[in-house]
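Below is one structure, written out as structure tokens; comments come after it.
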Amino acid sequence: MLIRTMTLDDMDFFVSQCLRECWAVAPSWLETHLAHDPDGCFLVEVDGHSIGMMTTTCYRQTGWMGNRIIDSAWRGKGVGTQLLRHGFDYLRGLGIKTIRVESEETSIRQCHQLEFEDELRSPRMLYQGGPPAPGKEVAELTTDNFGEIAALDAEVFGDDRMRFLELMLKMSDGAWKAHRPTGDVCGFIMRLPMMNCLMIGPCVAEDPETASDLIRRALQKVDDKPVVASIPGTNTAGLELHRSLGFRFGGPCLRQRWGPSEIGASKLDNIFALATGAAG
Ligand SMILES: CC(C)(COP(=O)(O)OP(=O)(O)OC[C@H]1O[C@@H](n2cnc3c(N)ncnc32)[C@H](O)[C@@H]1OP(=O)(O)O)[C@@H](O)C(=O)NCCC(=O)NCCS
């Protein structure tokens, strides 16, 4: 068994594994991960056949692990645990002190074995239906003045992930920002077209009203495609907002953390959609 770095040549494997698991996926996701962490995306091979994969994402202070899938025929043989350890050691080798992962039930015990602690529930929410009534008007988010978006995000998310957000903006088919009357930006959202759905996130906002305006905007012109989002389960006002807009529970997820909690501690009440299950 060989664990090597992934390349764009592994696209078919990446996409087919995600589709089989019914995860939101598009080729642009792997492109984004490879552009951001070219040495941190891993593929498992046996006799030249791909059997597993995962990504790691390294921000300024924190690391994330995600997209871990072992081909069904190879499960229960220790491969997934070995891959998790590989990603963990890679991030630790970069000097990362706090690592987080959004775990499905299948992954929770394996992370406990690496001494990850449970941090919070981060449920997936699912929306299907026509557009809701629009909220207050919000502005298009472009690369212009992107520094103000990155600064707001860093304050709320707890780490600098500007480059990852720039790559996500390139993937998006719409992104919007809200301003206070004084002109300062007070929230933003991105919408990403996937092969099997639309994904909204990140959505960062100073209050639920601002988040409502942004999410309502992102839900216009979705053409009845399913829309997925994940949200910190501790943000009860955010969950209430999602439900009031017509989102329903789409599946459980548990954020787990290794290392000091204060590194990359987010202001969770201001996060109305995660960027992605794989990278916070
Ligand atoms: C989660 C996933 C990656 C695990 O991969 P895997 O190769 O089956 O993982 P392992 O074989 O290392 O471990 C699976 C179980 O088998 C056990 N195991 C480990 N080595 C083993 C071995 N040599 N023989 C038998 N069982 C073994 C582990 O203890 C583990 O049990 P646990 O989860 O109850 O703790 C895989 O199930 C998968 O791709 N699932 C679908 C996608 C998914 O859910 N990804 C995780 C999202 S967060």
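Figures for the structure shown
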read-out	value
Failed condition for R100, given (1) within 13 Å of the ligand (Cβ to nearest atom); (2) assigned to a helix (DSSP H, G or I)	(2)
Flag if S72 is away from the ligand (no atom under 11 Å from the Cβ) and surrounded by fewer than 22 Cβ atoms within 10 Å (Cβ to Cβ)	no
In the range 241-280, the residues that are surrounded by fewer than 18 Cβ atoms within 10 Å (Cβ to Cβ), assigned to a loop (DSSP other than H, G, I, E, B) and in contact (Cβ under 8 Å) with a residue 40 or more places away in the chain	G246, P252, P260, S261, I263, A265, K267
Of residues in the range 37-61 being within 14 Å of the chain's Cα centre (by Cα) and over 14 Å from F14 (Cβ atoms), the one surrounded by the most Cβ atoms within 10 Å (Cβ to Cβ)	T56
Exclusive hit being part of a helix (DSSP H, G or I) and modelled with pLDDT of 95 or more, set L34, L43	L34
All positions within the range 106-135 that are in contact with a strand residue (DSSP E or B) (Cβ under 8 Å, 6 or more places away or on another chain), surrounded by 12 or more Cβ atoms within 10 Å (Cβ to Cβ) and assigned to a loop (DSSP other than H, G, I, E, B)	L114, F116, S122, P123, Q128
Residue within the range 21-28 that is in contact with a helix residue (DSSP H, G or I) (Cβ under 9 Å, 6 or more places away or on another chain) and surrounded by fewer than 13 Cβ atoms within 10 Å (Cβ to Cβ) present	no
Top-ranked residue of the range 185-232 - restricted to ones that are β-branched (V, I, T) and not in a helix (DSSP H, G or I), ranked as farthest from Q128 (Cα to Cα)	V185
Flag for T7 being under 21 Å from the mean Cα position of the chain (by Cα), within 16 Å of E102 (Cβ to Cβ) and of a type in the set (S, T, N, Q)	no
Those residues of the range 1-10 which are touching a residue at least 12 places away in the same chain (Cβ under 8 Å) and either of a type in the set (K, R) or surrounded by fewer than 15 Cβ atoms within 10 Å (Cβ to Cβ) (or both), in sequence order	M1, L2, R4, T5, T7, L8
Near pairs, Cβ below 6 angstrom, 6+ apart or cross-chain, from the range 15-31 (on the phi < 0 side of the Ramachandran plot) to any residue that is more than 16 Å from the ligand (Cβ to nearest atom) and not aliphatic (A, V, I, L, M)	A24/C197
Search result, residues across the range 91-105 that are more than 18 Å from the chain's Cα centre (by Cα), surrounded by 13 or more Cβ atoms within 10 Å (Cβ to Cβ) and not hydrophobic (A, V, I, L, M, F, W, C)	R92, K97
Tabulated pairs, the range 225-236, first over 7 Å from S122 (Cα atoms), second charged (D, E, K, R) and not in a strand (DSSP E or B), C-beta under 7 angstrom, 6+ apart or interchain	N235/D269
Every pair of residues 6+ apart whose Cβ atoms lie under 8 Å, when the first sits in the range 81-100 and is within 13 Å of W64 (Cβ to Cβ) while the second is more than 15 Å from the ligand (Cβ to nearest atom) and charged (D, E, K, R)	Y90/D39; I99/R92
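Here is a yes/no grid of residues against (1) in the same structural domain as W64 (by TED's automatic domain parsing); (2) acidic (D, E); (3) touching an Asp or Glu at 6+ places or on another chain (Cβ under 8 Å); (4) at pLDDT 95 or above:
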position: G129; (1), (2), (3), (4): no, no, yes, no
position: E140; (1), (2), (3), (4): no, yes, no, yes
position: I149; (1), (2), (3), (4): no, no, no, yes
position: E155; (1), (2), (3), (4): no, yes, no, yes
position: G158; (1), (2), (3), (4): no, no, no, yes
position: F164; (1), (2), (3), (4): no, no, no, yes
position: L169; (1), (2), (3), (4): no, no, no, yes
position: D173; (1), (2), (3), (4): no, yes, no, yes
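Yes or no, residue by residue, for (1) touching a Leu at 6+ places or on another chain (Cβ under 8 Å); (2) among the hydrophobic types (A, V, I, L, M, F, W, C):
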position: S122; (1), (2): yes, no
position: A139; (1), (2): no, yes
position: D144; (1), (2): no, no
position: A154; (1), (2): no, yes
position: G158; (1), (2): no, no
position: L165; (1), (2): no, yes
position: G174; (1), (2): no, no
position: T182; (1), (2): no, no
position: F188; (1), (2): yes, yes
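The values are calculated or read from the model by the stated rules, or taken from the named source; none is laboratory data. Here the structure is a predicted model, which means the values were calculated and not measured. Note that we place each Cβ from the backbone using ideal geometry, even for glycine, and neighbour counts take in every protein chain shown.
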